[in-house]
1. For segment 226-334, please list each of the helices (runs of 4 or more DSSP H) lying entirely inside it that holds at least 2 residues being touching a residue at least 24 places away in the same chain (Cβ under 8 Å), among the acidic types (Asp, Glu) and closer than 20 Å to Asn480 by Cα.
2. Is it the case that some residue within segment 355-365 is closer than 24 Å to Pro440 by Cα and either modelled with pLDDT of 75 or more or not assigned by TED's automatic domain parsing to the domain that holds Lys437 (or both)?
3. Taking the stated definitions as given, is Gln206 assigned to a helix (DSSP H, G or I), more than 30 Å from Ile128 (Cα to Cα) and not hydrophobic (A, V, I, L, M, F, W, C)?
4. For segment 494-528, how many residues meet the condition of being in a loop (DSSP other than H, G, I, E, B), more than 19 Å from Ser376 (Cα to Cα) and modelled with pLDDT of 85 or more?
5. For segment 223-252, name all the residues that are of a type in the set (D, E, K, R), more than 13 Å from the chain's Cα centre (by Cα) and surrounded by 17 or more Cβ atoms within 10 Å (Cβ to Cβ).
6. What is the number of the single condition among (1) under 16 Å from Ile129 (Cα atoms); (2) under 34 Å from the mean Cα position of the chain (by Cα); (3) surrounded by 13 or more Cβ atoms within 10 Å (Cβ to Cβ); (4) at pLDDT below 95 that Leu101 does not meet?
7. Please count how many residues of segment 175-217 are among the aromatic types (Phe, Trp, Tyr) and more than 27 Å from Lys474 (Cβ to Cβ).
Amino acid sequence: MSATKKSFKIKMIHKYTKINKNNIFKDITLDKKTDSNILIDIYSNLSSAIDSFVLENNFHKFLRINASPNEDNLNLLSNLLDEKKTTFRPLIFSSILKNELLGYHGNDIEDHPQILSVFERFTDRIVIIPAVTFENFSKSEWLKFKSIVEKQLFHSYLNDRNTSFKIKFILVGTMNDFSLLDNLEQQNTYENYMYSSINSIFLINQGNHQKYFDFISYLIETYSFPKFNDLSAYQEFLKIIWRKTGDLNHLLLDISWLKNILSEISVCRTSNFIDEETISLFISKKTQQEAHLVDLLKEDFKNNQILIETEGTKVGQINGLSIIDVNGYPKSIGEPMRISSVISHGEGEIIDIDHKADLAGNIHQKGMLIINFFLSNILNQNLPLPFNISFTIEQSHDEIDGDSASLAGLCVLLSSLSDIPLKQNIAVTGAIDQFGKVCPVGGINEKIESFYDICKDTNLNGEHGVIIPYNNKKNVCLRNDVQQAIDDKLFNIWLVDNVSDATQLLFDKNLEDSKNNVGIISLIEHRLDDSNIKKSIFSKIKRFFLDKI
């Protein structure tokens, strides 16, 4: 499949997210009464675990739930238990004193003469409690508590009597929380507990779009948010979620996050309903509120404090795309970056300047090694070149990591070796493997939009665009203004499967020879022949990188 066709494909995907009333929305009924069992349907794995756990003949007394122990998740478990209509009633403790679980004894009895343990106060209950409740328990305290629950028998030192009860516990926490509990055990603990999780992601398929709409409707009704006035407004709402998940096949089930977003959207409405204008106003306000760092970065590009060229061609220079994460800032920021490669007199050494300056992490180094071995394979040279090649990400002053610049790095090295210029109106992101396959990367929307913003501030002419991995197509959900520029053929997105696809776009040449075109590899080989050197750069490259591992 040609690069042009793939560019067209991604445009169709974007239209799909924009007008898919005729696709994923065609079976959604807007005014359908919300199914009372929607929570059971949405959280089916969790619901199944609870069905088994509440059976009186189930000897398990603990159910571990992998989830954040926030109020909404604790309430969700309580609501699911209510739906089951079992003899066990839910009881939530977002926090509880240690002695209310272990009982008071010794001097504590005099200090708390009227306070009974949870086992003396309740029975026929399922107690929902954060796993972090036990983080300050000693090993003996945890084993004592566990023994009380498993035996369903509590001895009170307050009145010196035994109390039997029927109580089970649902512990809610992260995997790290549970690993801390496991450290208190004396043996393998996995068979002693039931396990499930509160799924945070809803996987979309052809027949479950109504189910997710019903889930959102349930939240709207439960928390008294305004309804969507039509499916177009609901679609714009889904785009907010898609940008959060970074995947067009995933929707969020995080009740806390959804509640917060619906609350912020509701504040922006000008009628009794949420419409497209409401969503648009919310996005505009949200962008403005969070714009400070992004605006500073744009200003640096505009004032040539960060150098990026978006016109013409250059040998040994390419526009890459990166992501910046700033502690305390709510989202990732996309940033174009200039990657350069220079040939100088030497003995066939490749110099990764960022690695030499201790500014490159291990994943970046892995990407450079893959570039090295891919080049070794395609050029098949055994003796070194009569020059060195330096490689760097320009104007990087903090540590860089990740392999998403591997495709751009390979192309800039090919440019230096072949002396063929690269197009500066195109930015590139993508990892590669040793066989030249282009692999997906993260932060794809932020990367695309960051290059678009720079090109828009210069002169969009229909030639600008970005190259991304073909398998990232399901991750693309762009801002409306960027999507409009693509629809108007002012900006382009090309999806590539392999290195050869990228070189056709960047060099207007195939990687290998074709019928009417001398390939990049042949041009590099001709350059080697002209130098009359029968050595290979790549044996030395290997030694250089392997010595640094």
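1. Counting at least 2 such residues, we get no helices (runs of 4 or more DSSP H) at all.
2. no
3. When the stated conditions are applied, Gln206 does not pass them.
4. 3
5. If the condition is that a residue be of a type in the set (D, E, K, R), more than 13 Å from the chain's Cα centre (by Cα) and surrounded by 17 or more Cβ atoms within 10 Å (Cβ to Cβ), then Glu236, Lys239 are the ones that fit.
6. Result: Leu101 fails condition (2) only.
7. The first filter runs over segment 175-217 and keeps only residues among the aromatic types (Phe, Trp, Tyr), leaving 178, 190, 193, 195, 202, 212-213, 215.
Narrowing the set further to residues that are more than 27 Å from Lys474 (Cβ to Cβ) leaves 178, 190, 193, 195.
Of the residues in segment 175-217, 4 are among the aromatic types (Phe, Trp, Tyr) and more than 27 Å from Lys474 (Cβ to Cβ).
Conditions (1) assigned by TED's automatic domain parsing to the domain that holds Asn380; (2) among the aliphatic types (A, V, I, L, M); (3) more than 27 Å from Asp295 (Cβ to Cβ), marked per residue:
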{"position": "Ile432", "(1), (2), (3)": "yes, yes, yes"}
{"position": "His464", "(1), (2), (3)": "yes, no, no"}
{"position": "Asn480", "(1), (2), (3)": "yes, no, no"}
{"position": "Ile486", "(1), (2), (3)": "yes, yes, no"}
{"position": "Ile521", "(1), (2), (3)": "yes, yes, yes"}
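The values are calculated or read from the model by the stated rules, or taken from the named source; none is laboratory data. Note that this is a predicted model, so its numbers are computed, not measured. Reconstructed Cβ throughout: ideal geometry from the backbone, glycine too, with neighbour counts over all protein chains shown.
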